[in-house]
1. Just to check your reading of the model, which residue among LEU258, LEU254, LEU238 is of a type in the set (A, V, I, L, M) and surrounded by fewer than 24 Cβ atoms within 10 Å (Cβ to Cβ)?
2. Just a yes or no: is a residue in region 180-194 among the hydroxyl-bearing types (Ser, Thr, Tyr), surrounded by 17 or more Cβ atoms within 10 Å (Cβ to Cβ) and farther than 21 Å from THR368 by Cβ?
3. Could you list all residues from region 374-399 that are of a type in the set (A, V, I, L, M) and either without any contact (Cβ under 8 Å) to a residue 40 or more places away in the chain or assigned to a loop (DSSP other than H, G, I, E, B) (or both)?
4. Out of GLN37, GLN42, which single residue is touching a Gly at 6+ places or on another chain (Cβ under 6 Å) and assigned by TED's automatic domain parsing to the domain that holds THR118?
5. Could you look through region 404-442, keep only residues that are of a type in the set (Asp, Glu) and within 37 Å of the chain's Cα centre (by Cα), and pick out the one that is surrounded by the fewest Cβ atoms within 10 Å (Cβ to Cβ)?
6. Filter region 91-118 down to residues that are buried (at least 20 other Cβ atoms within 10 Å of the Cβ) and out of contact with any Pro (no Cβ under 8 Å at 6 or more places or on another chain), then give me how many there are.
7. Show me the strands (runs of 3 or more DSSP E) found entirely inside region 168-264 where at least 3 residues are out of contact with any Gly (no Cβ under 8 Å at 6 or more places or on another chain).
8. For region 474-549, list the strands (runs of 3 or more DSSP E) that sit wholly inside it and hold at least 3 residues that are at pLDDT 80 or above and either of a type in the set (Gly, Ala, Ser) or closer than 30 Å to ALA130 by Cα (or both); which are they?
Amino acid sequence: MLLSIAAIALLLCVQYLHGSALSAVSSYEFTAYRMQQYNLGQRKHGCRGAIVVAEARSAEELSLTRRCVIMKVQDFTAEKYSEALRQNAAAILILLPQNISSIPHDAVQSFMLSESETLQKETLTPVYVALEDEQLLYMYEELKQAAATRTSSIFVRVLRSMVTATAFQILVSNNAPVKAVIDNALITLEGVLPGAGEDAPTIVITAHYDSYGLAPWLSYGADSNAGGVVILMELARLFQKLYSSPKTRPQFNLMFSLTGGGKYNFLGTKRWIEENLDHAESSLLHDNVAFVLCLDTLANGDELYMHVSRPPKPDTPVHSFIQQLEEVVSSRFPWVKVGLVHKKINLVESTVAWEHERYSLRRILGFTLSHVEDPKSELRGSILDTMSKVDVRKLKRNGIIIAEALARYMYNLSDKGSPKDMQVFKGQLDFQDSRVSSLMSFLTSVPRATQLLDKEPGHILLVNSLEHEFKRYLQQVHRHTFRQDKRDPDITFFDQMTQPVVMYRVKPAAFDLFLGGCIAAYLGIVYYAIQNFGHLYTKLKAAVKTKHH
């Protein structure tokens, strides 16, 4: 009787376990974006690996060797990343929320710092970023629970591993080798508003339009540097109205440029300066250049820093412009902090920190305006730099400050006794909220990583649209396309930046052993019952008869 009950119970247990087990062929496919990989000159950056065949594990596990480490943005730190590399993890997969604004501010800052440190190093370990969804979050929670059991007793851990745990296999099935891409083009746009009179001095206003972050396909660069591009486009529109009338046309040429390759040592700026100074027979850069104003990371903050390679001397155009800018801020926006940051150019270093340094190397005075004080700030290159981190009101305010300071300098309003709080740009000449917002939305609608801008249809459309806006407001618009020297490229990108990834949900090998043991025990009980059926039947019959009496 007891043997029969035990057999039935064991059968039910085996059927339950079998029914609860996930099928070994069940899988889920998603798209992951590989970490940056590029060579800048002789220096290598990013991850060199792409192929992944490994079991998924939480970053909280003690053993990560030959495992694919799964992290959320909140989990990702430079310490955990370094620990995964130290243990020779097979891969790292970072889960990025669909809504960046849901991430706490402290977690955003921590991730940006770790991301910046990570991008400075080279690694062979594949690093991927994927957007969170229901299946990936389920996997993450399962792995977290499994990691939590390491504090339990050995018996509990073994039992969970054998019976309840679900293993996840991560597979990047593309076995093609990663190839170098050196046919990328850097595109720079330029346009001019000619000033009154002959031999008028030139003011150059420039901004780079590309973005940068851990993964190129997720780099939207809202603050850095869509904000700078938006202000430049609005300056072109507003000053075009002043230049359209002979009565209000100042005695300055305004030259606007949008440069590519800004996130890669400002190579587009370098090539454009060389084109104008070394190859062009006539260029405004050959003539009297008052100064170059570079716009970089201006879509947030209550600080406005002027970065210079050398302190401006009194009675120079740069010094005069800075005075005008300080007057505008003190009279209309006193809560904004204005500062001057002096950083010498280190000729030993292979890279420059700001765009104006490219002009300074050619003895053209320039400076950069930014709300960022440190040129190595993590804000200048992160996949978390999206529209959720932009304050459109502060972006507009910064644009107004720059426009008013330019107008006061170009029209010499201070010497003419004009009030410090005089508003040149108001009414129809004001910054339009709807235009600022729409330009920001358009620029952040697709990732603007340099390696994508001349390859993908949507990205090509973005550059073409910027050129169209230049032609709408400016004259002498030119599009410069700079190709790489294939024998000695300045920058080398690599392919396979997006990969289809398959997640297999399976029970671990321990479960198969446990299930096999249960089946063997069940068959043993059945065999024993059959062999001793007569004896069991006699005992059962006697027990029934005793109960009946």
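The values are calculated or read from the model by the stated rules, or taken from the named source; none is laboratory data. Everything quoted here is computed from the prediction, not taken from an experiment. Virtual Cβ from ideal backbone geometry, glycine too; neighbours counted across all protein chains shown.
1. LEU238
2. no
3. ILE383, LEU384, VAL390
4. Testing whether each residue is touching a Gly at 6+ places or on another chain (Cβ under 6 Å) and assigned by TED's automatic domain parsing to the domain that holds THR118 leaves just GLN37.
5. Result: ASP433.
6. Selection size over region 91-118: 10.
7. Result: 185-193, 202-208.
8. So the answer is 491-494, 498-506.
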